[in-house]
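Nothing in this text is a laboratory measurement; each read-out follows from the coordinates by a stated rule. Computed from a prediction, not measured in an experiment: that's the story for all the values here. Note that each Cβ is placed from the backbone with ideal geometry, even for glycine, and that neighbours are counted across all protein chains shown.
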There are 2 protein chains.
Amino acid sequence: MKQSMTLIPTLREVPADAEIKSHQLLLRAGYMRQNSSGVYSFMPLGKKVLQKVEAIVREEMDNAGAVELLMPALQQAEFWQESGRWYTYGPELMRLKDRNNREFALGATHEEVITSLIRDEVKSYKRLPLTLYQIQTKFRDEKRPRFGLLRGREFIMKDAYSFHASQESLDEVYNRLYQAYSNVFARCGLNFRAVIADSGAMGGKDTHEFMVLSDIGEDTIAYSDSSDYAANVEMAPVITRYEKSEEAEAALEKVHTPGQKSIEEVSAFLDTDATKCIKTLLFQVDDKQVVVLVRGDHEVNDIKLKNYYNASVVELAEPEATKEVLGCAIGSLGPIGVSDGIEVIADAAVEAIVNGVTGANEEDYHYINVNPGRDFTVTAYVDLRFIQEGDLSPDGNGTIQFAKGIEVGHVFKLGTRYSEAMNAVYLDENGRTQPMIMGCYGIGVSRTVAAIAEQFNDEKGLVWPGNIAPYQVHLIPVNMKDETQATVGEELYSELKAAGFDVLMDDRQERAGVKFADSDLIGLPIRVTVGKKAAEGILEVKIRKSGEVVEVNRSELAAKIRELLG
Amino acid sequence: MKQSMTLIPTLREVPADAEIKSHQLLLRAGYMRQNSSGVYSFMPLGKKVLQKVEAIVREEMDNAGAVELLMPALQQAEFWQESGRWYTYGPELMRLKDRNNREFALGATHEEVITSLIRDEVKSYKRLPLTLYQIQTKFRDEKRPRFGLLRGREFIMKDAYSFHASQESLDEVYNRLYQAYSNVFARCGLNFRAVIADSGAMGGKDTHEFMVLSDIGEDTIAYSDSSDYAANVEMAPVITRYEKSEEAEAALEKVHTPGQKSIEEVSAFLDTDATKCIKTLLFQVDDKQVVVLVRGDHEVNDIKLKNYYNASVVELAEPEATKEVLGCAIGSLGPIGVSDGIEVIADAAVEAIVNGVTGANEEDYHYINVNPGRDFTVTAYVDLRFIQEGDLSPDGNGTIQFAKGIEVGHVFKLGTRYSEAMNAVYLDENGRTQPMIMGCYGIGVSRTVAAIAEQFNDEKGLVWPGNIAPYQVHLIPVNMKDETQATVGEELYSELKAAGFDVLMDDRQERAGVKFADSDLIGLPIRVTVGKKAAEGILEVKIRKSGEVVEVNRSELAAKIRELLG
């Protein structure tokens, strides 16, 4: 492609509102333009990168035995009403009416459409399992679109759905797609982790998020420094065995702690350590109230609390409710003397505390020398806290580190959530009607493009991996008015294309400085400069990644490029 | 692909509401399913055909120098308000509001979006011309969606837009894309014509429709039986030179014609020919009234009338207005004695009439021996009628035939319609601001799939051309329970794939009759049957198109298939 024929609108300035590298560079290098908030046009270079990523996704999905189809964006409301999500999805689901006043959703995801399709077409276990996917534009009216392609309102997604007659079949396809996803992100050159994620009450084994490690990520990942264990920080279990100290139990004592409320204040005031404090909180767990205890240096993980109680909703109780139940406001709460009707549950670390500190349920008073079991009763000691950096890795290998991640993929065992709601059933081998067991699997394709841009750049611009770059070679005749350079440029353009390379030629009448700066910004792996030595048959080859420059004889150019691209 | 892995939901019955072959067969052969009126899912086979057609379109567009990009479906209302189409497009444009109550259109076409993009990025003649295209889902809320993919509400389109600094540059790109479109439809195997179409007052040279010839087409094409001339029937000029007969002019005479109103009635009653009658009609042309005359066997073409007067609106006058101006109702109208203020215009054929017949502007009376010029005055004799079968072709070669057509493509010289409305300007070589000159070019990609299905089928099902078929070879082990057949089937599946063929294998445990009927319905070019002779290394090869069956030795199978696919 010649630059005179295409549109690569590079920018010198960093666009306002573009906070992160990928957003800035994809705009500056002319890969995309914003139309409205969270809605973008992929300019020619951006479209090419998108196609490269799509091709990788398609190849890996096909290899994993998934079959491509294409469902519509216009989805009749009836489907979403059947699943119930018409009422629960909220304003993120874009809705419209047709000329006959029938309601539609713009596809944010396709569980409803595909479940309806499969229930109409598949009636017998003989036609299962089935794994179908599409690469398609999705619409979600994000409250705060930001970070360019990372959180947009119109974006490209690969979504797949599988249908099964047994849990084992689902497990098998899940594992196959897990591997396919690992292949996709590895081929994109990304530094990523497959992370155990929240799947609600089903437990952590049934869903993984694929996270690209990045400081600008919105999710925190807890990973082992010595194994491939990684989980969303909310999901990582704590397996630490807490040792009780040998210290003898002292007598319980109420002390005046005027104005001391936080763990830091109280432990400093009493000259003790946060690890000796028992943090006390009242939670509303569905329709019951529960006193929850964790060690002073720990935080309650409400997903663990929710899973323990198999609850729908878990939240911190309102201040008035806390005062009513415990007789005091937050800052002096404690488990001692809590009325019999209120359950007290504690994180496992609390059990090991000897002569601890806790609030006295009386403003400005705390107890010291508190000993669980002796001074108050606990229903159960279980894992209720967030994992922390330095904790033992849940798989027993190494210690936990934290990292931020950008979610680019998600595999999820749906079970019968949609098939039951929408009556997608089949006849099993015994002629009995069964709901299909489902899985769903997503890759944010345009988001993956942004994640690659976020990981592959330097101060001069983008630095694409060779298999993702829109073109492999940037051919730059320095001075198009110089007849030799222009001629050699044209000849090399034809020769390199004939040799099978994707070539972008800068045939613009621009200054050398402009051309080189644009070239670095655009970030193709290899730059071939046709300069003054072109007359002698010598060209300059620059490797974008290392900045290394070598002179190459024209006769050896193709071989050199092939070698450099690996 | 093995059929056990994919979903090809064939139907034995013709689905209700599917009136035409392509709609029926694409449903019956499991290529697509309807979601809601005019909205379809492309099932795995349909998606593959779509991809084949898309690949052809992409290749030809790239060869023609167009560059691919991807614009969003969500288009802010402001763009459409600037162009004015927000107010004129009507209910076909689907509209919605986002969570902040901002209005959006769902992309029905992208003139506004691309014009806005280019006006922001291109400021100088040096960056022109530019030709950009995308292959994308479009939304149009058709009043009466029908014929499956032929008139849907969500469909796939290739749309291209070009921007120029001169008319010559537009002409050049227009011609290049015209050729690219011809290549696309020829490669799809379609029997099509590039047809001169209506471009309003600009004249017929600036827009062509690509029409696939088909009885179910909604447009009528006038084409030459001896050249490549073809035009939308409304657009074809009549170049016949009418010879005046030698007959002597007789005296004008008013005759009683009780109850005789139509040309047929009057000519029969007076024992003359329709070609001797002068049909008289009153038209409202913008704000003036015009008497229009055509020969009795001809029909007024109001587009020609409109173009002659360069008018905005042309329609037949209301009955009351006709009575007021000519003193009589339709059935006895005529040009004799029309008051001076009313212009009389006639089709060229009228000038040659000698001793003709026309109404007397008096109920139940006609004149005979009417002679134009002698008995009434005509402002001008021009081409005002529809061309007819048997007319001389407008290019002077051959005679005109009619055919019905399905519009699959359209190339159009837009001029400055959008660039002026949306202020897309550039600086020319002299530093003057000029509006960009634009062209737009569309191909209905999903409609092309339907058009191919409409042209390639027989009573048993679809009969795809080899380069469009979802797979090239349908491999059918007749009895999967027969160990030899199943083994040979598996081996051939691997071998043929390794030899580079796209293979679909029917590995279902179904009866032979079901497999063969499905195979004919699906319509792959080559069927390879693994039957009882498989044990001896003999396979049956059937050519779907001709129905011809040959036995082939296993060792020669790949070569035979290659030969048959051409």
Phi to ³J(HN,Hα) by Karplus 6.51 cos²θ - 1.76 cosθ + 1.60 over region A:3-14, Hz, x for Gly, Pro: 5, 5, 8, 10, 10, 10, x, 6, 10, 7, 8, 6
From fewest to most C-beta neighbours within 10 Å, the residues A:Val528, B:Val425 line up as B:Val425, A:Val528
Amide H of B:Leu74 versus every other amide H placed in the peptide plane: which residues, excluding those fewer than 5 positions away on the same chain, fall under 5 Å? B:Gly107
For the protein assembly as shown, with the dipole built from +1 on Lys and Arg beta-carbon atoms and -1 on Asp and Glu ones, taken about the Cα centre, which of A:Gly296, B:Met61, A:Gly405 lies farthest toward the positive end? B:Met61
Report the charge-dipole magnitude of region A:462-566 in Debye, nearest 20, computed about the Cα centre from +1 at each Lys and Arg Cβ and -1 at each Asp and Glu Cβ. 240 debye
Set A:Lys48/A:Lys97; A:Lys21/B:Lys138; A:Lys47/A:Lys497 screened for pairs whose C-alpha atoms are more than 30 Å apart: A:Lys48/A:Lys97; A:Lys21/B:Lys138
Which net charge results for the neighbourhood of B:Ile353, defined as the other residues with beta-carbon distances under 13 angstrom from its beta-carbon, given Lys and Arg at +1 and Asp and Glu at -1? -3
Exceeding 31 Å between C-alpha atoms, which entries from my cross-link table qualify? They are A:Lys158/B:Lys52; B:Lys460/B:Lys533; B:Lys52/B:Lys126; B:Lys276/B:Lys323. B:Lys52/B:Lys126
Axis-proximal residue, chain B, for the rotation superposing B on A (Cβ, Å): B:Leu96, 2
For A:Tyr426, what residues show an amide H to amide H distance below 5 Å, using hydrogens built from the backbone and excluding near sequence neighbours? A:Gln434, A:Met436
For chain B, with only Lys/Arg (+1) and Asp/Glu (-1) charged at the beta-carbon, what is the dipole magnitude about the Cα centre, in debye rounded to 20? 2640 debye
From other protein chains only, count the Cβ atoms within 10 Å of every residue's Cβ in B:91-102, then give the mean. 4
If you take every residue apart from A:Glu363 with its C-beta less than 13 Å away from the C-beta of A:Glu363, what net charge results, scoring Lys and Arg +1 and Asp and Glu -1? +1
I need the inter-copy label distances for B:Ala486: point set 7 Å along Cα to C-beta, values in nm with one decimal, smallest first. 7.0
So the FRET efficiency between B:Asp228 and A:Ser166, C-beta based with R0 = 45 Å and rounded to 0.05, is 0.15
For the protein assembly as shown, what proportion of DSSP beta bridges, expressed in % and rounded to the nearest 5, is antiparallel? 80 percent
Measuring nothing but label to label, 7 Å from Cα along Cα→Cβ, what are B:Ala499's distances to the other copies in nm, shortest first? 3.6
Give the relative contact order (percent, whole number) for region B:471-565; include only Cα pairs under 8 Å separated by 6+ residues. 30 percent
When you look at the Cβ of every residue in B:131-141, what mean number of other chain Cβ atoms sits within 10 Å? 3
Yeah, region B:162-235 with a ≥ b ≥ c from its alpha-carbon gyration tensor (a/c under 1.5 is rounded, else prolate when a/b outruns b/c, oblate otherwise) is oblate
Hey, what angle do you get for helix B:445-455 against the long axis of chain B, alpha-carbon based, 0 to 90 degrees rounded to 10? 90 degrees
Packing-based order for B:15-26, B:41-52, A:125-136, using average beta carbon neighbours within 10 Å, highest first: B:41-52, A:125-136, B:15-26
Shape category assigned to region B:471-565 from the gyration tensor of Cα positions, a/c cut at 1.5: rounded
For B:Lys545, inter-copy label-point distances (7 Å, Cα→Cβ), nm, shortest first, read 4.8
Average beta-carbon neighbours from other chains, 10 Å sphere, peptide A:333-346: 0
What shape does region A:83-189 take by its C-alpha gyration tensor, where a ≥ b ≥ c are the square roots of the eigenvalues and a/c under 1.5 counts as rounded, a/b above b/c as prolate, and the rest as oblate? oblate
Listed residues A:Leu564, B:Asn430, B:Ile156: farthest to the positive end of the dipole of the protein assembly as shown (Cβ charges): A:Leu564
Within 10 Å of each residue's Cβ, count the other Cβ atoms and sort B:Thr109, B:Thr377 from fewest upward. B:Thr377, B:Thr109
Using just the helices of the protein assembly as shown, give the 222 nm mean residue ellipticity in deg cm²/dmol: DSSP H runs with n ≥ 4 each add -39,500 (n - 2.57), and the total is spread over all residues, rounded to 500. -8000 deg cm²/dmol
Between region A:259-302 and region A:414-428, the Cα center-to-center distance that results, in Å: 44 Å
Note to self: C-alpha centroids of region B:128-204 and region A:102-126 sit apart, in Å, by 33 Å
Spelling out what I want: for every residue of region B:229-242, take phi, set θ = phi - 60°, compute 6.51 cos²θ - 1.76 cosθ + 1.60 (Karplus), and round to whole Hz; glycine and proline get x. 5, 7, 8, 4, 4, 5, 9, 6, x, 9, 10, 3, 9, 8
Report the relative contact order of chain B, percent, no decimals, based on alpha-carbon pairs under 8 angstrom and at least 6 residues apart. 17 percent
Within a 10 angstrom radius of the beta carbon, how do A:Ser332, A:Ser546 rank from fewest other beta carbons to most? A:Ser546, A:Ser332
Among beta bridges that DSSP assigns inside region A:253-382, antiparallel share in %, nearest 5: 70 percent
Which residue, chosen from A:Val122, A:Leu539, B:Gln260, occupies the Cα position most advanced towards the positive end of the dipole of the protein assembly as shown, where the dipole is computed from +1 (Lys, Arg) and -1 (Asp, Glu) charges on Cβ about the Cα centre? A:Leu539
Qualifying trypsin sites (Lys or Arg not before Pro) in region A:361-431, DSSP loop, other Cβ atoms within 10 Å at most 12: A:Arg374
If you place +1 on the Cβ of every Lys and Arg, -1 on the Cβ of every Asp and Glu, and leave all else neutral, what size is the dipole of the protein assembly as shown about its Cα centre, to the nearest 20 Debye? 1720 debye
